[in-house]
2 protein chains.
Amino acid sequence: MNTVCLPLGMARDEIVKMDELIKERIRVPKGSALYQQGDASEAIYGLRSGSLKTQIQDRRGQAQITGFLLPGEILGLDGLMDNTQVSHAIALEDSEVCVIRLDEMDQIASRLPILQTQLRRLMSKEINRSHTLLLALGGLRSEQRVAAFLLNLSERFQALGYSPSAFILRMSREEIGNFLGLTLETVSRLLSRFTRDGILDVRHREVHILDRHALQALAETDGG
Amino acid sequence: MNTVCLPLGMARDEIVKMDELIKERIRVPKGSALYQQGDASEAIYGLRSGSLKTQIQDRRGQAQITGFLLPGEILGLDGLMDNTQVSHAIALEDSEVCVIRLDEMDQIASRLPILQTQLRRLMSKEINRSHTLLLALGGLRSEQRVAAFLLNLSERFQALGYSPSAFILRMSREEIGNFLGLTLETVSRLLSRFTRDGILDVRHREVHILDRHALQALAETDGG
DNA sequence: CGATCAATTGAGCCGTCTCAATTTGGGTGG
DNA sequence: CCACCCAAATTGAGACGGCTCAATTGATCG
């Protein structure tokens with residue numbers, strides 16, 4: 001359970017202390033928000049089960065999905081600047097998170113210094129994830145983006161102990177498109193094409209990766 | 001000086017303690033790297049003078065500039081995941097940074113808890129900056145991106161006490177294009193067009209914003 | 001079983017990229 | 001100080017990728 005909430009390599013006795021931190025849990029029904037832009041934020045959240053999307057929105061309503069979250073991943077790291085949420089976190093299916101209050105965390109961290117390091121790592125990881133995504137949006141063709149997206153999901157499912165070659169997309173084509181800077185039609189067309197080429201088997205939201213090698217090649221091809 | 005290195009609102013007596021942290025400085029000549037992908041990282045850096053770019057690179061050489069840094073801003077927050085740099089930081093002009101070692105920081109933070117909070121805020125801010133950039137690359141037209149880029153620079157120069165309406169671009173058209181997910185030609189064409197329309201006066205790398213209102217309108221127009 | 005929303009597929013258009021030719025500016029050595 | 005050279009920037013013409021608009025099919029859920 002705790003490994004789900006702050007999974008980076010901690011010793012067993014350290015995990016015991018962690019229990020003090022993680023008392024509270026929140027259920028988030030499909031379609032509802034764990035938090036919204038403008039909410040006060042004194043905590044971060046570890047996703048225990050289900051999946052969520054996070055998105056930001058500018059003043060005129062233009063939205064950008066910044067991430068899809070799977071169990072074991074952390075939400076709310078972008079809200080620690082001034083204790084106000086700057087993004088929305090919305091459940092893609094019925095989900096459950098555990099709550100890690102920042103003030104409690106600081107108290108415990110005085111006895112368990114590694115905790116600060118862990119948080120720092122998690123935040124740094126999120127920065128890297130964003131930067132990688134920037135590279136995708138700035139430099140990759142639509143084909144490569146969708147291929148890379150599927151491979152990324154695949155790896156994360158595998159890390160959770162699920163099959164890397166067969167999984168369910170919990171998000172719509174439109175959400176994938178928004179995330180990747182494409183339209184839903186482009187995403188749909190590419191999934192169809194990959195299927196036609198024998199690389200995938202896509203039925204609705206169920207994806208089977210038939211030729212991982214070809215998919216990796218697509219993700220890395222120079223587009224020429 | 002210290003306000004430059006960790007500028008978020010700290011009381012005067014707190015700043016005194018900060019002096020212990022920031023002994024070392026590094027000069028970075030134009031074109032050279034403060035650090036490179038793969039280097040060990042035990043510190044973060046506060047930019048004192050000059051300007052730098054940070055960029056990541058995937059295995060086949062595809063590069064993405066993830067930020068342009070101005071004095072007072074922090075570098076290296078993306079390298080705290082496993083003490084290895086994942087990006088390059090390259091000086092756009094002769095620059096100077098101060099060094100903040102993470103282990104020293106943790107020691108001092110035990111007497112000065114606000115320090116952890118500050119770092120957390122800085123990292124959260126960087127996450128938000130990346131997410132905002134994602135929105136730009138994913139959802140804005142070239143026109144809007146370039147307009148938003150100029151306005152962002154303008155605000156940051158103003159925050160430093162410089163003119164918000166007249167400044168020098170320290171980066172090439174190619175670097176701007178890479179950062180914004182555009183080609184250098186597109187950037188050049190747009191700067192020319194904005195000039196033709198009386199919104200800007202662009203001479204080489206010297207930019208004058210003549211009609212801020214129009215520029216803001218461009219950055220926010222729905223593209224229709 | 002009908003209503004509604006998600007996904008697929010097609011046709012045509014537009015914006016941005018690509019390729020290429022000039023122009024301009026900065027730095028260097030004669 | 002001027003001439004030259006190289007890199008950066010501008011500008012143009014044409015191609016192409018992804019978007020827009022639109023119609024159809026397929027799921028999901030009362």
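Bear in mind these aren't lab numbers, they're just calculated from the coordinates by the rules spelled out. As the structure is a prediction and not an experimental result, all values here were calculated from the model. Glycine also receives a Cβ, built like all others from the backbone with ideal geometry; neighbour counts cover every protein chain displayed.
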- Item | A:GLU185 versus B:GLN107: modelled label distance in nm, points set 7 Å from Cα along the beta carbon direction | 6.3
- In debye to the nearest 20, how big a dipole does the range B:69-224 give about its Cα centre with +1 on each Lys and Arg Cβ and -1 on each Asp and Glu Cβ? 320
- Using only C-alpha positions, report the orientation-averaged shadow area of the convex hull of the range A:95-147, nm², one decimal. 5.5
- Task: Taking the convex hull of the Cα atoms, report for chain A its projected area averaged over all directions, in nm².
- Result: 13.0
- Message: Taking R0 as 51 Å, what FRET efficiency do you get between B:ARG203 and A:SER165 from their Cβ-Cβ distance, rounded to the nearest 0.05?
- Response: 0.35
- Item | Prolate/oblate/rounded call for the protein assembly as shown, Cα gyration tensor, a/c under 1.5 rounded | oblate
- Task: Select from chain A the helices, each a whole stretch of DSSP H, whose alpha-carbon atoms run 30 Å or more along the helix axis and whose Kyte-Doolittle mean is at least 0.0; answer none if there are none.
- Result: A:114-139
- Task: Could you tell me which of rounded, prolate or oblate describes the range A:42-90, using a ≥ b ≥ c as the square roots of the eigenvalues of the alpha-carbon gyration tensor, with rounded for a/c under 1.5 and, failing that, prolate when a/b is larger than b/c and oblate otherwise?
- Result: oblate
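Once every DSSP H run of n ≥ 4 in chain B is given -39500 (n - 2.57) and the sum is divided by its residues, what mean residue ellipticity at 222 nm do you get, rounded to the nearest 500 deg cm²/dmol?
Mean residue ellipticity, 222 nm, calculated: -13500 deg cm²/dmol.
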- Expressed in nanometres to one decimal, the distance between label points 7 Å along Cα→Cβ at B:ASP39 and A:ASP94 is 5.2
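Shape verdict for the range B:134-224, please, from the Cα gyration tensor: rounded (a/c under 1.5), prolate (a/b greater than b/c) or oblate.
Verdict is rounded for the range B:134-224.
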- Note on the structure: Expressed as a whole number, the average count of other chain Cβ atoms within 10 Å around the Cβ atoms of A:136-146 is 4
